[in-house]
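> My structure is below; once you've seen it, I'll send some questions.
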Amino acid sequence: MIVHLFFRGFPELADLVLQASGIAKSFGGNEVLKGLSLDVERGELISMIGPSGCGKSTFLRCLNFLEHPDAGSVRIEDVTVACTGKHWSRANEAEAHKLRSHVGMVFQAFNLFPHRTVLDNVMMAPIQVKKMSRDEAQSIACELLAKVGLAAVKDRYPDSLSGGQKQRAAIARALAMKPSVMLYDEPTSALDPELSEEVLSVMRALDDEGMTQLVVTHDMRFARAASDRVLFVEGGEIVESGDPDLMFANPQEGRTRRFLRTLL
Ligand SMILES: Nc1ncnc2c1ncn2[C@@H]1O[C@H](COP(=O)(O)OP(=O)(O)OP(=O)(O)O)[C@@H](O)[C@H]1O
Ligand SMILES: [Mg+2]
């Protein structure tokens, strides 16, 4: 976080791990994203907030091309994917595949494989995608499961875990691919407050280690306390972006003010 504040003062020195530019997306006649641009510095924790249906999930999905944008480009590390018009080519898909190897994604609904143990869930992608040996994958998976507090349940099946444990397993699984950026879509909104806290504290610990994280969340307390930066999205645009304390205490835009007021 300190490094991040330092670079803020010297933008030419900033280490931008992700740059999205002009991301646009319509579904039929519904223009959901109107050309969103976002630069993310290495190590930043950014919370994205906004009303239901404003396009937060769609934007997150466009960043790793689970959804194909109609226009715009995304660069993550040394991979750039640019969309021109509605045509999505084989070359686009090949680049998107490379780009995804730098991204870990965590969903509200965990999406663990139910017929695999927690350990297997975490080991699978490194073995299948990175062709890692079983021994190496297992040692990395055990280390990650210990880090998220799940060493004791590594041989259990997802159905026997609490929601908070499932989500921490999903985070460990994403981390096993050594991503540069973690994207979370409402990682705690299916959880009780106590279980949410277990997940949020893992995200805070990752922040302390320097992981870059972009989190769509309805948890304003987390957005304010843990983020380096908050983005308020409405009507398919980033309306306001800035320091969490400043934005929550004194939003600059009327639309941000109205949204925050509805939450009180
Ligand atoms: N595959 C799709 N086909 C058609 N419309 C879609 C599709 N995905 C999303 N939309 C529409 O795009 C808009 C934005 O949806 P999105 O899920 O991105 O919103 P959101 O900000 O994540 O909302 P929430 O806070 O409720 O999760 C909504 O009007 C939604 O109905
Ligand atoms: Mg959503």
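> Once you've got the GNM for the chain with C-alpha springs shorter than 10 Å, pick whichever of Ala205, Ala176, Ala94 has the biggest mean-square fluctuation.
Sorting by GNM fluctuation, first place goes to Ala94.
> Can you pull the one-decimal nm distance between simple spin-label points at Ser133 and Leu246, each 7 Å off the Cα toward Cβ?
5.2 nm
> Which of Ala223, Gly210, Gly242 sits farthest toward the positive end of the charge dipole of the stretch 210-264, with +1 on the Cβ of Lys and Arg and -1 on the Cβ of Asp and Glu?
So the residue we want is Ala223.
> For n ≥ 4 DSSP H runs only, could you compute -39500 (n - 2.57) per run for the chain, divide by its residues and tell me the 222 nm figure to the nearest 500?
-11500 deg cm²/dmol
> With 10 Å bins from zero, work out the P(r) of the stretch 112-178 over every alpha carbon pair and list the percent per bin.
26, 60, 15, 0
> Would you look at the GNM of the chain, springs on alpha carbons closer than 10 Å, and say which of Leu60, Leu246, Leu195 moves the most?
Maximum among the listed residues: Leu246.
> Along the charge dipole of the stretch 112-178, Cβ charges K/R +1 and D/E -1, which of Val148, Pro114, Val129 sits furthest on the positive end?
The listed residue farthest towards the positive side: Val129.
> Can I ask one more? May I ask you to work out the translational diffusion coefficient for the chain at 10 °C, viscosity 1.306 mPa s, via Stokes-Einstein with Rh from the Kirkwood sum over Cα pairs, reported in whole µm²/s? Don't jump to the answer; show the numbers that get you there.
On the way: Rh = 19.1 Å.
Approximately 83 µm²/s, per Stokes-Einstein.
> Based on Cα positions only, what radius of gyration and what Dmax would you give for the stretch 103-239, in angstroms?
Reported Rg and Dmax, both Å: 15.0, 48.
> Okay, moving on. Whole angstrom only: what separates the Cα centroid of the stretch 198-227 from the Cα centroid of the stretch 156-194?
13 Å
> Follow-up question, since we're still on this one. Given the options Arg173, Arg61, Arg156, which has the most mean-square fluctuation in a GNM of the chain, springs set between C-alpha atoms less than 10 angstrom apart?
Largest GNM mean-square fluctuation: Arg156.
> Moving on. Provide the per residue accessible area, probe 1.4 Å, for the chain, rounded to a whole number of square angstrom.
47 Å²
> Further question on the same structure: Check Arg229: other-chain or 5+ apart residues with amide H under 5 Å from its amide H, H built from backbone geometry?
Leu45, Ser47
> What are the ³J(HN,Hα) couplings of the stretch 162-175, residue after residue, when phi is run through the Karplus curve with 6.51, -1.76, 1.60 and θ = phi - 60°? Round to Hz, x for glycine and proline.
6, x, x, 5, 4, 5, 5, 5, 5, 5, 4, 4, 5, 5
> Structure shown: which of Lys98/Lys154; Lys98/Lys178; Lys131/Lys154; Lys34/Lys56; Lys25/Lys98; Lys147/Lys178 lie over 19 Å apart, alpha-carbon to alpha-carbon? Before the final figure, lay out the partial values.
Numbers: Lys98/Lys154 29 Å; Lys98/Lys178 13 Å; Lys131/Lys154 22 Å; Lys34/Lys56 12 Å; Lys25/Lys98 22 Å; Lys147/Lys178 14 Å.
Result: Lys98/Lys154; Lys131/Lys154; Lys25/Lys98 exceed 19 Å.
> What is the dipole size for the chain, taken about its Cα centre, with +1 at each Lys and Arg Cβ and -1 at each Asp and Glu Cβ, in debye to the nearest 20? Provide the component values of the computation, followed by the final result.
Details: 30 positive and 35 negative charges, 115 e Å.
It comes to approximately 560 debye.
> Taking all protein chains as present, what is the carbon and sulfur share of the accessible area of the chain, in % to the nearest whole number, probe 1.4 Å?
Accessible surface attributable to carbon and sulfur in the chain totals 52 percent.
> Now for a separate question. Rounded to the nearest 20 debye, what is the charge dipole size of the stretch 112-178 about its Cα centre when +1 sits on each Lys and Arg Cβ and -1 on each Asp and Glu Cβ? Don't skip to the end; give the middle numbers.
Numbers: 11 positive and 6 negative charges, 37 e Å.
Once rounded to the nearest 20, the dipole reads 180 debye.
The values are calculated or read from the model by the stated rules, or taken from the named source; none is laboratory data. Just so we're clear, the structure is a prediction, and the values are computed from it rather than from any experiment. Cβ sites come from the backbone with ideal geometry, for glycine too, and all protein chains shown count toward neighbours. These area figures cover heavy atoms from the full protein model, side chains too; ligands, DNA and RNA do not enter into them. Shrake-Rupley method; radii C 1.70, N 1.55, O 1.52, S 1.80 Å.
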